[in-house]
Amino acid sequence: MVSEAANLGIEPMVPRIRRISRRIDDGSSQHLDQTVEDFHRRLYFSSLDAATTCLSTRFQHSAFSLARNVETVFLEVINSGTVPPLHDILAHYGDDIDEAQLSLHLSMVADLCRPFSKPTSHCYRHQWRSALLFKDNEVWSQMFPQVVKLLRLYLYYI
C-alpha cells in the first residue's frame with residue numbers, strides 16, 4: 001500500500017483521529033495507530049477475522065448438519081445399498097415420519113437402485129439427482145410415501 005502510494009507520488013497518511021463523544025466515552029484511551037502500515041494491518045486482520053468467523057458459523061449451524069445427514073442417508077442408500085442410522089433425522093422431524101416405514105422404504109429403494117449402480121462408480125453423487133428419481137417416476141412416488149415425505153420436508157426447508 002505504501003509503495004503503491006509512493007509510485008503515484010502520494011504520501012500516505014494515517015486518518016485523522018476523532019474524539020469520542022462524552023456520552024459514549026467510558027474513560028479509556030482510544031487506540032492510536034502510529035504508522036500507515038499499522039492502520040492497514042489492523043483493518044486487514046479485523047476483516048480477515050470477520051470472514052473466518054462468518055464461514056465457521058455458517059457451516060456449524062444445526063440446519064447444515066441436518067442437511068448433511070439427510071444427503072448422506074440418501075446417497076448411501078442409493079450408492080451402497082445400506083440404510084444408515086436415522087436417529088438425527090427422526091429426532092428433528094419428530095412424528096412427521098414413521099421410522100419403521102422409512103427404513104423399509106429406504107431398503108426397497110436400495111434394492112431397486114442396485115442394478116443401476118456399478119461397483120466402481122456411484123450412480124448418483126448429488127442429492128438433487130436422487131430427488132429426480134421420485135419426480136420422474138410416479139410409481140416410485142406411490143410405492144415409497146415416507147421417502148417422498150422426507151424429501152419434501154428436506155427440500156422445503158433448504
Reported set for segment 59-68 where residues are at pLDDT 80 or above and not hydrophobic (A, V, I, L, M, F, W, C) is Gln60, Ser65, Arg68
So, restricting to helices (runs of 4 or more DSSP H) that lie completely within segment 69-154, which ones have at least 3 residues that are over 25 Å from the mean Cα position of the chain (by Cα) and at pLDDT below 85?
99-113, 138-143
Every residue from segment 76-86 that is surrounded by 13 or more Cβ atoms within 10 Å (Cβ to Cβ) and in contact with a helix residue (DSSP H, G or I) (Cβ under 7 Å, 6 or more places away or on another chain)
Val77, Ile78, Gly81, Val83, Pro84, Leu86
Subset of segment 46-68 [assigned to a helix (DSSP H, G or I) and of a type in the set (Phe, Trp, Tyr)]:
Phe64
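The values are calculated or read from the model by the stated rules, or taken from the named source; none is laboratory data. Here the structure is a predicted model, which means the values were calculated and not measured. Ideal geometry is used to build each Cβ from the backbone, glycine not excepted, and the neighbour counts take in all protein chains shown.
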